[in-house]
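Engineer: Right, I'll just put the structure down here and ask away after.
Laboratory data are not the source of any read-out in this text; all were calculated from the coordinates shown. Computed from a predicted model, the values in this text were never measured in an experiment. Reconstructed Cβ throughout: ideal geometry from the backbone, glycine too, with neighbour counts over all protein chains shown.
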Amino acid sequence: MNRVQTDYDGSGTQTFMEQQFNDGILYYNYRGWYVGYGSYPTDAINNGYDTPFVTTITCGTGDYDGTSPSEDFVRLGSVNNPKGAVGAIGMATTGTHTAYNNIVDMGIYDGIFSKKLWYAGAASAAGDLAIVATYTTLGASSGANAAEAFSKWSNLIGDPALHLWTATPTNFNFFHPTTISLGTTMYEFNIIDENGTAVEGARVTLLMGNDIIFTTALTDENGQVTLSWDEVVAGTISLTVIKRNYRPFEDTIEISTAAGSAVAVRPEEIYVNSGEEIDLSINLHNYGRDTANDVKVELNSTSEHITIINDIINIGNIEPSHDASFSSQVYIHGTAFHMEEMDLILTITDANDHMWINSVPLNVMGPYLVVSDYSGDIFPGSNTNMVLNMVNQGSKKVDDYMLKILPFENIVSIQSSSATINELFVDQNIYLDDFELSFSEDIINGTVLPLELILTSSDGYTRSHIVNVTIGEVRETDPLGPDAYGYYIYDSGDTDYDEAPVYDWIEIAEGLGSQVSITDAGNGNSGYTSSTDDRTLPFTFTFYGVEYTKIQINTNGWISFGNFEMNAFRNYPIPGAGGPSPMIAAFWDDLRTGSGGYVYYYESPDFVVIQWDDMRICGILGGGWYPDQCTSSIRNTFQMILYPSNEIKIQYQDFNNESDGYYSGTPSHGCYSTIGIENHLGDIGLQYTFNDTYPEAAATLQDGSALFITNSTGSDFIQGDLND
């Protein structure tokens, strides 16, 4: 996204909206008053074919009982005078509320940009899922009811399969034939873009009629993909190539009968056994109207598991509607496993320089050993016999197989690594208890290690299998994590680990630090200009692989990095919709300054301290059945410490997690607090607590608690993923 235009004050919004449409935009988002200016289109919109995707998440913008603003945006204009929107999401009913609308709205765009959801329907669903993730844990009589209702009230007008752009579209620019001869049943495409760069992950599809021919696949890292089909038929094939943020490519390829003759492989199932040398018999047929003279065939393969002994064979003449067959001597290596693709390509030529290229599918029949499960007393520091349950899921029995487990880095050593399977029939299983392994004490409980298992046989079969082994069970006394980047959060109770923090308060509010010039009346009544301030760090701090020299400090218990404009007083789950990215949330909640509550800052070459001192909490259920709207005397004092080592410590002097909120009628957000970290893209993070719930490895916080956040384990190995 190169440009984001905003209009927050609400004055002149209708004119602002019209100008943006007419200038050309990808997205238009309205969050404001019911039937407010900017929530509905006007005839002053003249944007032609530059039709954006619209979200108007407020009361009455997406009701199906009659024509609604979201529908008006899409219906604006005509075929001869296009304008308006290509799709729109609005809210049914006039009973919506700001807190709920906001998370639906943020969830839509979090889906599009952070979660990389391609389509309008998926983006709409992301908004629904965001409100469910935020409020369903609050109980059936409160926020859960709202989450259910609002996830049903957000309605999409337009095609749910609409492709949504998130960057300037790139063009495909590649060669493809306009015509191929009848008899050819495969083609290799090399997809490149307008810059000549190979495009990986593009979906290439060929379609003729009602699935007479239908084949599709993704390009590899070289931009290559080979498509094959069975039907030998003349006609027009539709070619499409799509990838996110690439303009879809559409064209046609004619399967032509101009050559007169048309020789191709007769489609049939061919079964071969691994470890055998055979005469591979292939049947040809002339589908054309003329005789194919002096036909020759050449058989090739890109697979290393097949050897073609005689690859070029003279066939002779094949008359129209007649068959011919030939045999080629091939050796299927013992290394070929059950149903492995042999990538056989048959090139057929005749005396008139006609050429037809066919794929020859081979069904390899062979053994296929897999690890069904494993067992053993496996935990950090253990020496154990690990038992593997092996199953033959192939089509031939296993004969004389050797299995060997390899050590992993410097943390898994092998005392007895080998086992033998003399014979194992199809669908049978066997338990192997020959493996004796030692696991380092440095491994964190719950870590998943990918142990490599090598399988070999007397006829040359060699394969590597990965067995994901979970080490120990996660306990409250273990660190939380890692996330996908590798961050862990250690708490004061993780005393078995050197990284466990010790509470050691650094008081900066009584003279050592300076007061940060930010104020907050609570309940969203302070804009970012008064509730957020920036500081230049005395050292470069690397967070999720990105180097920063500046932080943004917010009254509501969080910091971010770089430059941005945001208040974010309502807390949400992380990573996810809502709040800044990147973020370190020490105690993200709706906090209020004043009456002795302030934010302080201290820096030295060795560390930086940000302290939220005597901060009051909003969103607590007060007298009667209504929230106190920030009148509570409950206070929180906590601090965040940044180190030049790129590690973070958070300490809680007074911890009161009390904002339960109110959800009948106009809601007060509540959701207690959010504590954790999130990267700059909003798609990776580690949540220690949200809405007063804690994962298994997280100790409940209290006065005198401390957290330590690091992507170093104190060991020299790469961690597995606790989330597997």
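Engineer: Using label points projected 7 Å from each Cα along Cα→Cβ, tell me how many nm separate Ser375 and Asn273, to one decimal.
Structural biologist: Rounded to a tenth, the inter-label distance reads 3.5 nm.
Engineer: Here is a follow-up. Against the longest principal axis of the chain, how steep is helix 143-153, in degrees 0 to 90 to the nearest 10, with axes from Cα atoms?
Structural biologist: Roughly 50 degrees, rounded to the nearest 10.
Engineer: Taking the alpha-carbon distance from Lys296 and a cut-off under 13 Å, which aspartates and glutamates remain once sequence neighbours fewer than 8 residues away in the same chain are dropped?
Structural biologist: Asp311, Asp350, Asp353
Engineer: Over the chain, what is the mean sequence separation of C-alpha contacts under 8 Å (at least six apart), divided by residue count, expressed as relative contact order in percent?
Structural biologist: Value for the chain: 8 percent.
Engineer: If you don't mind, there's one more thing I want to ask. Shape of region 170-256 from its Cα gyration tensor (a ≥ b ≥ c, root eigenvalues): rounded if a/c is under 1.5, otherwise prolate when a/b > b/c, or oblate?
Structural biologist: Prolate, since a/c reaches 1.5 and a/b exceeds b/c.
Engineer: Let me ask something additional. With angles folded into 0 to 90 degrees, how steeply does helix 120-135 sit against the dominant principal axis of the chain? Use alpha carbons for both and round to 10.
Structural biologist: 40
Engineer: Right, another one. Just add up the charged neighbours of Trp118: K/R +1, D/E -1, any other residue whose Cβ is under 13 Å from the Cβ of Trp118.
Structural biologist: Values: positive: Lys115, Lys116, Arg203, Lys243, Arg244; negative: Asp159.
Taking every other residue near Trp118 into account, the sum is +4.
Engineer: Ranking Ile357, Ile270, Ile405 by Cβ neighbours within 10 Å, fewest first, what do you get?
Structural biologist: Ile270, Ile357, Ile405
Engineer: Enumerate cysteines in the chain without a disulfide-compatible partner, where compatibility requires another Cys Cβ under 4.7 angstrom.
Structural biologist: Flagged as lacking a Cys partner: Cys59, Cys671.
Engineer: Can I ask one more? In sequence order, what are the phi-derived ³J(HN,Hα) couplings for region 58-65 according to the Karplus relation 6.51 cos²θ - 1.76 cosθ + 1.60 with θ = phi - 60°, rounded to whole Hz, with x for glycine and proline?
Structural biologist: Residue by residue, region 58-65 yields 7, 4, x, 9, x, 7, 8, 5 Hz.
Engineer: Net charge near Asn47: determine it from the other residues with C-beta under 11 Å of the C-beta of Asn47, scoring Lys and Arg +1 and Asp and Glu -1.
Structural biologist: On the way: positive: Lys83; negative: Glu18, Asp23, Asp50.
Net of charged neighbours comes to -2.
Engineer: So if we plug the beta-carbon distance of Asp400 and Thr205 into 1/(1 + (r/R0)^6) with R0 = 51 Å, what FRET efficiency do we get, rounded to 0.05?
Structural biologist: So the FRET efficiency works out to roughly 0.70.
Engineer: Would you kindly state how much longer the chain becomes between His322 and Thr495 on full extension, computed as 0.36 nm times their sequence separation minus their alpha carbon distance, in nm to one decimal? Intermediate results must be reported in sequence, preceding the final value.
Structural biologist: Numbers: separation 173, 0.36 × 173 = 62.28 nm, distance 8.09 nm.
This chain segment gains 54.2 nm when fully extended.
Engineer: Between Glu473 and Asp290, what length in nm is gained on full extension when 0.36 nm per residue of separation is reduced by their alpha carbon distance?
Structural biologist: Numbers: separation 183, 0.36 × 183 = 65.88 nm, distance 7.21 nm.
Going from the current span to full extension adds 58.7 nm.
Engineer: At R0 = 45 Å, how high is the FRET efficiency between Ser238 and Tyr431 if r is their beta carbon distance? Nearest 0.05 is fine.
Structural biologist: It comes out at approximately 0.30.
Engineer: Can you classify the chain as rounded, prolate or oblate using the Cα gyration tensor, where a ≥ b ≥ c are the square roots of its eigenvalues, rounded means a/c under 1.5, and otherwise it's prolate if a/b beats b/c and oblate if not?
Structural biologist: Oblate, since a/c reaches 1.5 and b/c is not below a/b.
Engineer: On to the next question. So how far apart, in nm, are the two label points at Asp50 and Asn363 if each is 7 Å from Cα heading toward Cβ?
Structural biologist: Each label point lies 7 Å from its Cα, and together they span 5.7 nm.
Engineer: Averaging sequence separations of C-alpha pairs under 8 Å and six or more residues apart, then dividing by the length of region 263-365, give the relative contact order as a whole percent.
Structural biologist: 37
Engineer: Using helices alone, what [θ] at 222 nm do you get for the chain, with -39,500 (n - 2.57) per DSSP H run of 4 or more residues, divided over all residues and rounded to the nearest 500? Numbers along the way, then the final one.
Structural biologist: Details: 6 runs with 61 residues, N = 724.
For the chain, the value works out to -2500 deg cm²/dmol.
Engineer: Still on this structure, please answer the following. Could you list Cys630, Cys618 so that the one with the fewest beta carbons within 10 Å of its beta carbon is first and the one with the most is last?
Structural biologist: Going from least to most buried by this count: Cys630, Cys618.
Engineer: Which pairs break 30 Å Cα to Cα here: Lys116/Lys649; Lys550/Lys649; Lys243/Lys404; Lys115/Lys550; Lys152/Lys649?
Structural biologist: Cα-Cα > 30 Å for Lys116/Lys649; Lys243/Lys404; Lys152/Lys649; rest within.
Engineer: Let me ask another. Shape of region 51-171 from its Cα gyration tensor (a ≥ b ≥ c, root eigenvalues): rounded if a/c is under 1.5, otherwise prolate when a/b > b/c, or oblate?
Structural biologist: Oblate is the answer for region 51-171, as a/c is 1.5 or above yet b/c matches or exceeds a/b.
Engineer: Which length gain, in nm to one decimal place, applies between Asn283 and Thr536 when the Cα-Cα distance is subtracted from 0.36 nm times their residue separation? It would help to have the intermediate numbers written out before the result.
Structural biologist: Numbers: separation 253, 0.36 × 253 = 91.08 nm, distance 7.54 nm.
Result for the pair: 83.5 nm of gain on full extension.
Engineer: At most 13 other C-beta atoms within 10 Å and a DSSP loop state: those are the exposed GluC sites (Glu not before Pro) I care about. Give me the longest piece of the chain that has none.
Structural biologist: Working: sites that count: Glu194, Glu221, Glu268, Glu269, Glu304, Glu409, Glu441, Glu473, Glu510, Glu565, Glu696.
In short, 1-193.
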